[in-house]
Amino acid sequence: MKEPVRIAITGAAGQISYSLAFRIASGDMLGKDQPVILQLLEITPAMDALNGVVMELNDCAFPLVQEIVATDDPNVAFKDADFALLVGARPRGPGMERKDLLEANAAIFSVQGKALNDNASRDVRVLVVGNPANTNALIASCNAPDLNPGQFTAMMRLDHNRAKTQLAQKVGKHVTDVESMIVWGNHSATQYPDLAHCKVDGKAALELVDQAWYENDFIPTVQQRGAAIIKARGASSAASAASAAIDHMRDWALGSDGIVSMGIPADGSYGVEPGIMYSYPVVCKNGQYEIVQGLEIGEFSRERMNATEQELREERAAVEHLLG
Ligand code: NAX
């Protein structure tokens, strides 16, 4: 049996974690041969609810679970963590402006960044799911000076998976036939799901669909999918978000099957200068991700990549004073 790995999950009594924690515990993220120690973080008022989740995890009698820690102290939750899934965030309350939301979350993610810096494994891999995910990931990484900024990532995989399914359904193929999907930029309505490099069953996606569908249907449907789920379900995406978080971490740790989209520190690639967490096409191998370089960017893409970059720069400007 392998040594157990420590997996921290924040917002562990929330709806995404209600799917995520159980799937991780059953081995969906790191494999059926990888024992896990779950380190679950909540805010103090949610500790009763979290204890209920722990009772249910125990009642599953998962063979891979070695230990479960439930705490309201980030220093305990992140102690020696190999993986940290930062799901908990402050939702937008009544009358709250976008700037208030950014600031409320900046406060949470600066504390958690520092706690990761002080306690986590030096190789910790961090995925931020809580919104605004990209800017929260930036804040956490800026507060963790002893960790490499590249250890912090933001979740774009749900957008990526949504885009694959929309395209596959349109052309009557299976999602596994779709390759080289890319979603650029921010996890928000400005994200740019790009079909220029995408193939279905080996054929260029843009030769299989018309430009009007691409521009007026596909892009807005993917961008607005979160809102459509809320309208239909009366609650935001949860199981699909958890599934995407598992895909993201599994690929990062164990390797991806081709291109996937991850929010990572911008490094100047594709003209996006450092200072924001931008979603790029990456390939994961040997426990590392690498940006896919050299893709040709046409004018249609450039405009949309710039717009989503601009939004991330504005988010950064709103929390600049908290970046340390
Ligand atoms: P819930 O409101 O069901 O759960 C969030 C949990 O986080 C709550 O139990 C709350 O007590 C806890 N929490 C709040 N502050 C905390 C802190 N400082 N430390 C630890 N726990 C804390 O939300 P849920 O539906 O689970 O969504 C969680 C986050 O994911 C939200 O910010 C949501 O906007 C975001 N999403 C991000 C997605 C992405 O693709 N990046 C997609 C899905 C989702 O909308």
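The values are calculated or read from the model by the stated rules, or taken from the named source; none is laboratory data. If you're wondering where the values come from, they're calculated on a predicted model, not measured in any experiment. Note that we place each Cβ from the backbone using ideal geometry, even for glycine, and neighbour counts take in every protein chain shown. All accessible areas refer to the heavy atoms of the entire protein, side chains included, with ligands and DNA or RNA removed. Shrake-Rupley method; radii C 1.70, N 1.55, O 1.52, S 1.80 Å.
Accessible surface ranking for 282, 171, 1.4 angstrom probe, highest first: 171, 282.
What's the local net charge at residue 174, with K and R +1, D and E -1, over the other residues with C-beta under 13 Å away? Before the final figure, lay out each step's value.
Values: positive: 164, 170, 173; negative: 177, 179, 201.
Its environment carries a net charge of 0.
When the solvent-accessible area of the chain is split by element, carbon and sulfur atoms take up 50 percent of it, the probe being 1.4 Å. Sparse packing (at most 10 other Cβ atoms within 10 Å of the Cβ) combined with a DSSP loop state is found for the following GluC sites (Glu not before Pro) in the stretch 56-158: 97.
Of 184, 213, the order by accessible heavy-atom surface (1.4 Å probe, DNA, RNA and ligands excluded), from most exposed downward, is 213, 184. Among beta bridges from DSSP that stay inside the chain, the antiparallel ones total about 45%.
The distance linking the stretch 46-113 with the stretch 172-228 is 32 Å (Cα centroid to Cα centroid, whole angstrom). Accessible surface calculations at 1.4 Å, restricted to protein heavy atoms, place the chain at 43 Å² per residue. Seen from residue 121, the other residues with C-beta closer than 14 Å to its C-beta sum to a net charge of -2, counting Lys and Arg as +1 and Asp and Glu as -1.
Roughly what angle does helix 239-254 make with the longest principal axis of the chain, taking Cα atoms, 0 to 90 degrees, to the nearest 10? Between helix and principal axis, roughly 90 degrees.
The alpha-carbon of residue 203 sits under 26 angstrom from the alpha-carbons of these lysines, leaving out residues fewer than 8 places away in its chain: 164, 170, 173, 285.
Structure remark: mean-square fluctuation, Gaussian network model of the chain, C-alpha springs under 10 Å; the largest value among 137, 244, 189 belongs to 189. On C-alpha positions alone, give me the angle between the axis of helix 15-25 and the longest principal axis of the chain, in degrees, nearest 10. The angle comes out at about 80 degrees.
Using heavy atoms of the protein chains and a probe of 1.4 Å, the accessible area assigned to residue 199 is about 90 Å². Within the shell of other residues whose beta carbon sits under 10 angstrom from the beta carbon of residue 200, the net charge comes to +1, with Lys and Arg scored +1 and Asp and Glu -1. In the stretch 3-152, Cα pairs under 8 Å separated by at least six residues give a relative contact order of 24 percent. Say we join alpha carbon atoms closer than 10 Å with springs in a Gaussian network model of the chain; which of 74, 45, 94 then has the biggest fluctuation? Maximum among the listed residues: 94. Counting only alpha carbon atoms, the long axis of helix 47-59 and the longest principal axis of the chain meet at about 90°.
When only Cα pairs below 8 angstrom with a gap of at least 6 residues are kept, the chain shows a relative contact order of 17 percent. Against the criterion of solvent-accessible heavy-atom surface with a 1.4 angstrom probe, 289, 278 sort, most first, into 289, 278. Taking only alpha carbon atoms, the stretch 154-318 gives an Rg to Rh ratio of 0.94, where Rh is the Kirkwood radius.
Per residue of the chain, the DSSP helices (runs of n ≥ 4 H) give a summed -39500 (n - 2.57) that works out to -12500 deg cm²/dmol at 222 nm.
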